Amino acid sequence: MIKLTSISVAFGDRQILHTIDFLIRPNDRIGLVGPNGAGKTTLLKVIAGEEKPDEGVMSIDPGTVIGYFSQTVGEMSGRSALEEVLAGAGSVYRIGLQLAELEHRMADPHSPPLSDAEMDLYGELQTEFMHREGYDLESRAQAVLTGLGIGPDRFNDPVENFSGGWKMRIALAKILVLNPDVLLMDEPTNHLDIESILWLEQWLKEFKGDLVMTCHDREFMTRLCFRTVEVASGAVTTYAGDYDFYLRERDIRREQLVASFNRQQARIAKEEEFIARFGARVSHAAMVQSRVKTLEKVERIEVPPDPKSMKVTFVDCARSGEQVVVMENLAKSWPKPSGGHLKVFSGLSGVVQRGDRIALTGVNGAGKSTLLKVITGLTEATGGSCTLGASVRLGYFSQYTSDALDPNRTVFEEVESRIPLAGVGTIKSILGAFQFSGDDTAKKISVLSGGEKTRVMLACMLAVPVNFLVLDEPTNHLDIQSREVLLDALRRFEGTILIVSHDRYFLNHLANRVFEIDHGSLNIYEGDYHYYLRRVFKVD
C-alpha cells in the first residue's frame, strides 16, 4: 500500500498539487484524469520518488517494488534491445549476472574452488533468483518485446539503431519485465499501433500488482481501470468507478455543488442586506454584530471554473464529386542511401466515396503516412495512379509538425498565412476557439508543446473551407476532453474523412469503412471499426 498525506508541489508561483491525499490499495486499478498540465505526471513522479514534494509525507509498505514508465526515455546505448530489457529487471538481472559469474568459476577447472562463504552466497542467490522467477526472465523479455512489435529478428540490434518511438517500446518492455508490485504508467499507448495496444491491454489485465496510469485512449483506460482519480486545480478527487462512471458522477457532483453555492449566495445576500439596512441603528447593534460574526465564520463554497475546451466548427464548403479519391495499382518506394529502393506498398486499388469516414490502419511502418502524402500530393507515387475527384477541397493534418508549421512564425502569423484576407478579429476568433488568447497568440511555434502545436495545426486546417479531411494522428497530444470535442466536430462534418489514429474509442464512433495496409497490400473492410476489430483481431 502507498499513502500520500497532505502533499503539495509548486513550480515557482504555480501550485500544481495542494495538500492532496492519495491512496493506492492492494489490487487497485486507477486511471488518472484531468486536463493537460493539471499535475497528473507530477503526481506519478512523486509516487515514483523522482519528484520531492514541498510538503506532506508518503508512506510505502516495506519491500514494495515500484515501476514507472514515463514519456522521457533515458539514455540507451551499448546494449542490444534484449539486453536493455533484461537490465530493466533490476535486482533480478543483477542476481543472474552474479550467479553466472559464480557458475563460470565452478565450471572452470583452472579457477580455485569457491569458498564456503561463496557457496552459501550462491545458494542464497539461487533461492532468491527462483523466487523472483529469474530463470524465466529471458523468455519473458522476449515475449514482451515481441508483443510490443519488436520481433526476434531485432532482439540483438543495438538500441542506438532504434528510432525514438521504438525506444519508447523498449523502455515500456523494461518496466513490464520488471513486473513490479506497483506499476505507474504515463501515456503507455503513445507510439503503439493497434496490435501492440491490444497485446498490452491483455498483459495488464493479467498483471497481479497495482496499476496507476494516465492515458488519453479512453477505451484502453475504461477497460483496465475501475477507479478514477481526477487531478485538477491543484486538488485530487476520487471516483469509485471507471471513466464512464466518472463522467456521470462528475456532472452530478458539479450540479450539486452549483446548487449549494447558489443557496449559500442567497443566504449571504440576505444577511448582508440585513446588515446594510440596520447597521446604523443602535437598537439592532447586537443583532448586526452577531450576523457579521456569523458571516465571517461561513466556509465559502467555491465552484471551480469549467475546464477550457476547443470549439471546433467547420467553414462551409461546396460538395465534392461522388468519387473523392481513385487509386489504381498505386505503388511507392523510397531510395535507399546504400542504393536500390525500399518498397513501401504496391498494387493499391480502391475508391474513396463522398461521405466516407475511412480509418486507415496497419502496423507502424506499414506506409500509412506515406499513402496520405501520396493522396495529398506531398510526394509522388512510383507506380500506378492516384486521382482526386471533381471539386475536392482538401485539408491535411500531419502528425509531423515540421511538415506543416513554420517554427519561426508566431501562432497568429501561422493562421494568418492560411487566410491572408481575413481580418485580425476573425483570426483571433479562430485562435480563441482553439484555446489561444492574449499573449498566447504571439508565441513562436518553436516553443509550443506537442498539444499546442496540434491545436495550431487544427486551427490552420479548419480556417479554410474543405470537403475532404486527411488526418494523420490528429489526437496525438490531445487530452480526452479535447479528443471528444474533435470527435463531435468530425461526426458533424458533412464532407469526407480519411484518418489514421490508434484511438479505438475515436474510430469506433467515427469510421464507417476501414482500409488496412498489410504487407504492402490494401485490404478493404466494408464495415465500421467494430467490424474490422472483430474480423481481424477477434475483439468484442
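Residues to consider are I499, I517, I524; find the one that is loosely packed, with under 15 Cβ neighbours inside 10 Å, touching a residue at least 24 places away in the same chain (Cβ under 8 Å), touching a Phe, Trp or Tyr at 6+ places or on another chain (Cβ under 9 Å) and part of a strand (DSSP E or B).
Going through I499, I517, I524 in turn, just one is loosely packed, with under 15 Cβ neighbours inside 10 Å, touching a residue at least 24 places away in the same chain (Cβ under 8 Å), touching a Phe, Trp or Tyr at 6+ places or on another chain (Cβ under 9 Å) and part of a strand (DSSP E or B): I524.
Of all the residues in region 124-172, those that are out of contact with any Ser or Thr (no Cβ under 9 Å at 6 or more places or on another chain), in a loop (DSSP other than H, G, I, E, B) and under 16 Å from E195 (Cβ atoms) number 2.
If the condition is being at negative phi and in contact (Cβ under 8 Å) with a residue 40 or more places away in the chain, then region 351-366 contributes V352, Q353, R354, D356, R357, I358, A359, L360, T361, V363, N364, A366.
Would you confirm, using the coordinates I've provided, whether E526 is farther than 14 Å from V363 by Cα, of a type in the set (D, E, K, R) and modelled with pLDDT of 95 or more? For E526, the condition - farther than 14 Å from V363 by Cα, of a type in the set (D, E, K, R) and modelled with pLDDT of 95 or more - is met. The condition of being under 29 Å from H131 (Cβ atoms), touching a residue at least 40 places away in the same chain (Cβ under 8 Å) and out of contact with any Cys (no Cβ under 9 Å at 6 or more places or on another chain) does not hold for V73. Checking each residue in region 22-46 for being of a type outside the set (K, R), in a helix (DSSP H, G or I) and closer than 18 Å to C225 by Cα picks out T41, L43, L44.
Looking across region 288-313, the residues that are in contact with a helix residue (DSSP H, G or I) (Cβ under 9 Å, 6 or more places away or on another chain), part of a loop (DSSP other than H, G, I, E, B) and not charged (D, E, K, R) come down to V298, I301, V303, P304, P307, S309, M310, V312, T313. What do you reckon, is V298 over 30 Å from T222 (Cβ atoms) and surrounded by fewer than 12 Cβ atoms within 10 Å (Cβ to Cβ)? Answer is yes for this residue.
Of all residues in region 1-21, those being under 16 Å from E230 (Cα atoms) and surrounded by 20 or more Cβ atoms within 10 Å (Cβ to Cβ) number 5. The requirement of being under 27 Å from K205 (Cβ atoms) and without any contact (Cβ under 8 Å) to a residue 24 or more places away in the chain is satisfied by L23. Checked against (1) modelled with pLDDT under 95; (2) in contact with an Asp or Glu (Cβ under 7 Å, 6 or more places away or on another chain); (3) of a type in the set (S, T, N, Q); (4) not in a helix (DSSP H, G or I), T72 passes all but condition (2). A240 meets each of the listed conditions (1) in contact with an Asp or Glu (Cβ under 6 Å, 6 or more places away or on another chain); (2) small (G, A, S); (3) farther than 19 Å from A48 by Cβ apart from (1).
The values are calculated or read from the model by the stated rules, or taken from the named source; none is laboratory data. The structure displayed is predicted, hence computed values, not measured ones. Every residue, glycine as well, gets a Cβ built from its backbone with ideal geometry; the counts of neighbours run over all protein chains shown.
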